[in-house]
Amino acid sequence: MITHPIKDGYSHDKVKSQFTSSSKMKNNKNYGKTCEKILTSKRLKVVLLLEKTVSQEESYIKSTTLSHRKQLGQYFTPDFISNVLAEWITTNKSFHGTILDPAIGLGNLIKPFPIETPIVGFDRDKNILDHTRKTCSDFSNLQLHHQDFLESTWEQSYDGVVCNPPYLRFRQNEKKQHYLELFEQKLGIKFSGFTNIYTLFIIKALNQLSSNGKASFIVPSDFLNSDYGIKIKKYLLQHTNLHLIVVADFHLNWFDQAATTSSLFFFDNQVEANRLEFIRLSDAKQFDQISEYIRNFHHHQQPLGNVVPYEELVPDKKWKEYYQTDTRKMYTHLKSFSHFGKVSRGIATGANNYFCVNELERKKHQLSKKYFVPCLTKSHQVTNNFFNSDDYKHLLEKNSPVQLLQIDESDLMEDPFLQNYIEYGEISEIQNRYLTKHRNPWYKSETREPAPILVNVFSRNKLKFIRNEAKVRNLTAFHCIYINSEYSKDTNLFMAYFMTEIGKEILNYNSREYGKGLKKFEPGDLNKSLVVDVGAINADDKKSILDLYSNIRGKQRMNNGDAEADLKKLNALFLKILSS
């Protein structure tokens, strides 16, 4: 965003006043930067265009449901991001080519370009394109296509690409297999079924970028640190045109209604890349510096982030190590958890409300208790680190749905009430759910042995580990932590370690970040995580750990004291072990 002198009696305050007349812009912390952009020879047109965009965005949001927008992955890009993405394409020279926006939405990303720029936009939602025609009516060379970009031709090339692809769950998308087969046919690459749809937008758009073209994307960063992302990263590195990745800290939130990380990717076919720079944004105020940096990126300036030569980039690794400090290197006596045990996901029923019942429901359908096993179904059902049979009885008394139906075909032969319940499920079409329709019979749910330790899958503040003394099963709100038989005697040692700050800090390195402070662990993440090597703990330290563990357990169970002091002692003891 180039700052021009103020002319023609337009003071900064006047323009600012016009710009903030919209209620949405009044709350936009970045309006100051946009004010600088509009102080150009076409500043008044830009002001009107921005206000039109805001009013159309509000109009569209009011005319659609949240579920509709989520189903199509529609999240609208803030202006300060649109400006930076456009600046990458137009910087250093006058841009005269054609711009592609593969998921144009309301046209937020094309607003910073001159209105005479040839622009081609795709979207599969006719409703949003009707709004876009009004929002972008000032653009004289705009072509809008009511078509899924992923199914459009691969032959047309473009000189610039700006894109905020749809963010939605791809795993159960009805077109998932169709997309993956199409890409395998075009590229000869078989991508994982876990591949997220936004990465397909990146790959196809880059395939249609001209030999002198430049592209910029805003996408979630999770593929950088996931198994399905390995092939994506390999593909991107092969083309040596990715120059810069800006990753926002997962506490920063650029999109309402979406708990997702955000990252900016910058590609340039004009300059072959032999190194890749990673910049981590921990504060929104740093964005001003990013904008200036983009304008002078190829001018041999001092890097803002960590620069990694292409030959040192390893697709199989989590790339967070290139932009995030790895504090694990400070410690000794750490081993992969897979050496000591295994983490598995909880039981997936496919229809929790049917398979997990409370006491009232069980009695209403006259179902025998012998068909059910105790099961934790939601994370909030456990409030501290220890769960025993009394806690389970309390949940039953509260009428919580903590009884999991586990039956087979032979049970139906002897119980008409059970037969009625199965028929009730079929009338409710439970058998046609995504998971149940792949089971035979559909009502036979997964089985798991009770895990000695559980951990919640999602967390915003701290991981919650639970010592499962009641030996209950659990659904997918928790992962199951099993300890190998040769280390089962050390189960309480592992539990003690998991409760400490240092243990959680080291484990968190393998977490997946989803924005708004949300973190998630997949079983594989925990299996690869580093934990204390219990074999390196001497007998005296083991006794001290277990004594503190017992004190903490007693205080949590009886609610008769603050366990924080003992937790700090426990943390200090593990710190000593890991630092020796």
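In contact (Cβ under 8 Å) with a residue 40 or more places away in the chain and open to solvent by 10 Å² or more (accessible area, probe 1.4 Å), is that true of TYR482? For TYR482, the condition - in contact (Cβ under 8 Å) with a residue 40 or more places away in the chain and open to solvent by 10 Å² or more (accessible area, probe 1.4 Å) - is met.
Restricting to strands (runs of 3 or more DSSP E) lying wholly in region 403-472: which have 3 or more residues that are closer than 30 Å to ARG512 by Cα and modelled with pLDDT of 95 or more? Can you show your working first?
Numbers: elements: 403-405, 453-456, 465-468.
Per the criteria, 453-456, 465-468.
Any residue at all in region 228-251 that's touching a Lys or Arg at 6+ places or on another chain (Cβ under 8 Å), at pLDDT below 85, on the phi < 0 side of the Ramachandran plot and of a type in the set (Asp, Glu)? Checking region 228-251: at least one residue is touching a Lys or Arg at 6+ places or on another chain (Cβ under 8 Å), at pLDDT below 85, on the phi < 0 side of the Ramachandran plot and of a type in the set (Asp, Glu).
LEU109 fulfils the conditions (1) under 30 Å from LEU281 (Cα atoms); (2) of a type outside the set (Phe, Trp, Tyr); (3) in a loop (DSSP other than H, G, I, E, B); (4) open to solvent by less than 50 Å² (accessible area, probe 1.4 Å) except for a single criterion, (3). Across region 357-378, the qualifying residues are those that are on the phi < 0 side of the Ramachandran plot and assigned to a loop (DSSP other than H, G, I, E, B), and the one among them that is surrounded by the most Cβ atoms within 10 Å (Cβ to Cβ) is THR377.
Residue-wise test of (1) closer than 20 Å to MET495 by Cα; (2) surrounded by 18 or more Cβ atoms within 10 Å (Cβ to Cβ); (3) under 29 Å from the mean Cα position of the chain (by Cα).
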| site | (1), (2), (3) |
| --- | --- |
| ASN384 | yes, no, yes |
| ASP391 | yes, yes, no |
| GLN419 | no, no, no |
| TYR434 | no, no, yes |
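In this structure, is TYR509 under 20 Å from TYR228 (Cα atoms) and surrounded by 15 or more Cβ atoms within 10 Å (Cβ to Cβ)? So TYR509 passes the test. Take the conditions of a type in the set (A, V, I, L, M), in contact with a strand residue (DSSP E or B) (Cβ under 6 Å, 6 or more places away or on another chain) and at pLDDT below 95 and apply them to LEU168. Does it pass? Here the answer is no, as LEU168 does not meet what is asked.
The test for being in contact with a Cys (Cβ under 9 Å, 6 or more places away or on another chain), open to solvent by less than 10 Å² (accessible area, probe 1.4 Å) and of a type in the set (Ser, Thr, Tyr) does not hold for SER226.
Residues that are without any contact (Cβ under 8 Å) to a residue 24 or more places away in the chain and open to solvent by 10 Å² or more (accessible area, probe 1.4 Å): find the helices (runs of 4 or more DSSP H) completely inside region 125-211 holding 2 or more of those. Explain how you work it out, then say what you get.
Details: elements: 126-135, 176-187, 197-207.
Fully inside region 125-211 and qualifying: 126-135, 176-187.
In region 82-97 there is at least one residue matching the filter, namely being of a type in the set (Gly, Ala, Ser), at pLDDT below 95, open to solvent by less than 30 Å² (accessible area, probe 1.4 Å) and farther than 20 Å from PRO220 by Cα.
Does any residue of region 299-322 turn out to be open to solvent by less than 40 Å² (accessible area, probe 1.4 Å), at pLDDT below 90, of a type outside the set (Val, Ile, Thr) and within 27 Å of the chain's Cα centre (by Cα)? Looking through region 299-322, none of the residues is open to solvent by less than 40 Å² (accessible area, probe 1.4 Å), at pLDDT below 90, of a type outside the set (Val, Ile, Thr) and within 27 Å of the chain's Cα centre (by Cα). With respect to the stated conditions, TYR331 is touching a residue at least 12 places away in the same chain (Cβ under 8 Å), open to solvent by 30 Å² or more (accessible area, probe 1.4 Å), over 17 Å from HIS479 (Cβ atoms) and of a type in the set (Phe, Trp, Tyr).
Sub-8 Å Cβ pairs linking a first residue in region 429-441 that is closer than 18 Å to LEU412 by Cα to a second residue that is open to solvent by 70 Å² or more (accessible area, probe 1.4 Å), at least 6 apart or interchain, are GLN431/LYS437; PRO441/GLU409, ordered by first then second residue.
Conditions (1) modelled with pLDDT of 95 or more; (2) of a type in the set (Gly, Ala, Ser); (3) open to solvent by 20 Å² or more (accessible area, probe 1.4 Å), marked per residue:
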residue	(1), (2), (3)
GLY515	no, yes, no
LEU518	no, no, yes
VAL534	yes, no, no
ASP540	yes, no, yes
ILE577	yes, no, no
SER580	no, yes, yes
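The values are calculated or read from the model by the stated rules, or taken from the named source; none is laboratory data. Worth saying up front: this structure is predicted, and the values here are computed from it rather than measured. Don't worry about glycine lacking a Cβ; one is built from the backbone with ideal geometry, like all the others, and counts go over all protein chains shown. With ligands, DNA and RNA removed, areas are computed over all heavy atoms of the protein, side chains included. Shrake-Rupley method; radii C 1.70, N 1.55, O 1.52, S 1.80 Å.
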